[in-house]
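The values are calculated or read from the model by the stated rules, or taken from the named source; none is laboratory data. Owing to the predicted nature of the structure, the values given are computational and were not obtained by experimental measurement. Every residue, glycine among them, receives a Cβ derived from its backbone with ideal geometry; neighbour counts consider all protein chains shown. Note: areas computed on protein heavy atoms with side chains; ligands, DNA, RNA excluded. Shrake-Rupley method; radii C 1.70, N 1.55, O 1.52, S 1.80 Å.
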Amino acid sequence: MTEAIALGIPTMRAQAPVLAPRRPTRKIQVGSLNVGGDAPITVQSMTTTKTHDIGATLQQIAELTAAGCDIVRVACPTDKDAEALPIIAKQSRIPVIADIHFNPKYVFAAIEAGCGAVRVNPGNIRKFDDQVAGICKAASDAGVSLRIGVNAGSLDKRLLKKYGKATPEALVESATWEAGLFEENDFHDFKISVKHHDVVTMVQAYRLLSEAGQWPLHLGVTEAGPAFQGTIKSCAAFGTLLAEGIGDTIRVSLSAPPVEEVKVGTKLLEFMGLRERQLEIVSCPSCGRAQVDVWTLAEEVEAGLKNITAPLRVAVMGCVVNGPGEAREADLGCASGNGKGQIFVRGQVVETVPEDQVVETLLKHAEAMAAEMTEEFGQEALAGTSPMVSAAG
């Protein structure tokens, strides 16, 4: 038997390998966070509550924050919503972005409210280009950044006539035109998004936009769909662009509770080496070699570990082909078969137990290792508030 390698507890602040260095972009401030440049890639989501329901909105923001959300966006379509913004912006633990469509007066209200940033959609704000100078001055005076949010579904009619539909070139022309207006007013604290529901069109648009300037870019596949479909579309698009070093902040848009968006976004960044790793479960797929019900075993382990945030890699394996090797490579693992299971801790077999005791034994060791990590690194670091890994080249 090959000698097992004791891997030890993972180092919390180790630099993870990345597929490509980040493309250089300008760094801006969104509330207390830096976005762009060498700042960590941030995960965003959006509340589904009525913003004027302050209690419900703050409760959802707290849930998103606990899930790992870095920046939250709230809708502001009415006067009542605008009036709620100062309280929400002040009480939220993460920066709040006001999402503005149609009426430019809410842009100024959000700036005055102390929001971390304001998202504007030039395609559906009345006479937006005529408002740019005033918006830039107000934002500059208040130290508030902006996002130019170009969407395929609300593209300027002039560009639709020119290109026939929302092509990558049309999206980028809209974005660069508006960016030019901001820069003519000596305002540079903005990021850009060019969203489309089609993965290929979206990727092509962001590639073009990345070549056109050094603006920070917010990645999004708009109207991505229900959780299953939307997750696949978003990961395909974001994974492609992030692997090329493109993207400074992301939002996974799902027809699902917003916490699910955050879960997908944070795990995507973790698996790509762009965010510090937290809990990861490695489990083998179903196959004819399995001697246990791996599917059920993995689900039971996942449920038992749901409250652990320590950066443990836990392997749940069910056959003799890859099981022992994978279990040894993980921080903690089990390899089951023939009515029993071996428990591995840092590469070493520490127990062999009956099959019906595998889960409880694995969870016991996981809790002990998590407690050990908490003592070494502190609960705050393990809760996801420690600095994230930067992928700057």
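Taken about its Cα centre, segment 100-242 carries a charge dipole of about 520 debye when Lys and Arg each add +1 at the Cβ and Asp and Glu each add -1 at the Cβ. Accessible area per residue for the chain is 45 Å², calculated with a 1.4 Å probe on protein heavy atoms, without ligands, DNA or RNA.
Fully extended, how many nm does the chain gain between Thr48 and Ile232 (0.36 nm per residue separation, minus their Cα-Cα distance)?
Details: separation 184, 0.36 × 184 = 66.24 nm, distance 2.19 nm.
Gain on stretching Thr48 to Ile232: 64.1 nm.
For the options Ala237, Ala371, Ala152, a Gaussian network treatment of the chain with springs between C-alpha atoms closer than 10 Å singles out Ala371 as fluctuating the most.
In percent, how large is the relative contact order of segment 166-323, given Cα pairs closer than 8 Å and 6 or more residues apart?
On the way: 207 pairs, mean separation 25.2, N = 158.
That works out to 16 percent.
Give me the net charge for the shell around Pro168: Cβ to Cβ below 12 angstrom, other residues only, Lys and Arg +1, Asp and Glu -1. Before the final figure, lay out each step's value.
Working: positive: Lys165, Lys195, Arg207; negative: Glu169, Glu173, Asp198, Glu211.
Computed value for this residue: -1.
Looking at [x] 30.1; [y] 20.6; [z] 22.4, which value of mean projected area of the Cα convex hull in nm² comes from a calculation on the structure shown? Of the listed options [x] 30.1; [y] 20.6; [z] 22.4, [y] comes from this structure.
Each Lys or Arg adds one and each Asp or Glu takes one away; over the other residues whose Cβ falls under 13 Å from the Cβ of Glu183, this sums to -3. Roughly how many percent of the accessible protein surface of the chain is carbon and sulfur, given a 1.4 Å probe and a whole-percent answer? Result for the chain: 52 percent of the exposed heavy-atom area is carbon or sulfur.
Could you tally up the Lys pairs in segment 102-201 with alpha carbons closer than 15 Å? Skip any pair fewer than 8 positions apart unless they're on separate chains. Before the final figure, lay out the partial values.
Values: Lys105/Lys127; Lys105/Lys137; Lys127/Lys157; Lys157/Lys165; Lys165/Lys195.
The number of close lysine pairs in segment 102-201 is 5.
Along segment 255-269 the Karplus relation, 6.51 cos²θ - 1.76 cosθ + 1.60 evaluated at θ = phi - 60°, assigns HN-Hα couplings of 7, 6, x, x, 4, 5, 4, 5, 4, 5, x, 5, 5, 4, 5 Hz to successive residues, with x for each Gly and Pro.
If one takes the longest principal axis of the Cα atoms in the chain, at what angle in degrees, from 0 to 90 and to the nearest 10, does the Cα axis of helix 199-212 lie? So the helix axis and the longest Cα principal axis differ by about 60 degrees. For the chain, the longest principal axis of the Cα atoms and the long axis of helix 79-91 meet at an angle of about 50 degrees. Name the trypsin sites (Lys or Arg not before Pro) in segment 50-147 that are in a loop by DSSP and that have at most 10 other C-beta atoms within 10 Å, would you? Answer in residue order: Arg126, Lys127.
Within the chain, antiparallel bridges make up roughly 30 percent of the DSSP beta bridges whose residues both belong there. The listed residues Ile232, Ile250, once ranked by accessible area (1.4 Å probe) with the largest placed first, stand as Ile232, Ile250.
Applying both filters, DSSP loop and at most 12 other Cβ atoms within 10 Å, to the chymotrypsin sites (Phe, Trp or Tyr not before Pro) of segment 158-218 eliminates every site. Among Thr249, Thr374, Thr42, which one moves the most in a GNM of the chain with springs linking Cα atoms closer than 10 Å? Looking only at Thr249, Thr374, Thr42, the biggest GNM fluctuation is shown by Thr374.
With contacts taken as Cα pairs under 8 Å and at least 6 residues apart, the chain reaches a relative contact order of 18 percent. Among Asp53, Asp356, Asp129, which one shows the highest mean-square fluctuation when the chain is modelled as a Gaussian network with alpha-carbon springs under 10 Å? Top of the fluctuation ranking is Asp356. Label separation (Glu367 vs Ile281): 1.7 nm, computed from points 7 Å beyond Cα along the C-beta direction. Whole Å is fine, so just give me how far the alpha carbon centre of segment 197-213 lies from that of segment 136-186. With segment 197-213 and segment 136-186 each reduced to a Cα centre, they are spaced 14 Å.
From helices alone, the chain scores -12500 deg cm²/dmol at 222 nm; the rule is -39500 (n - 2.57) for each run of n ≥ 4 DSSP H residues, then divide by the residue total.
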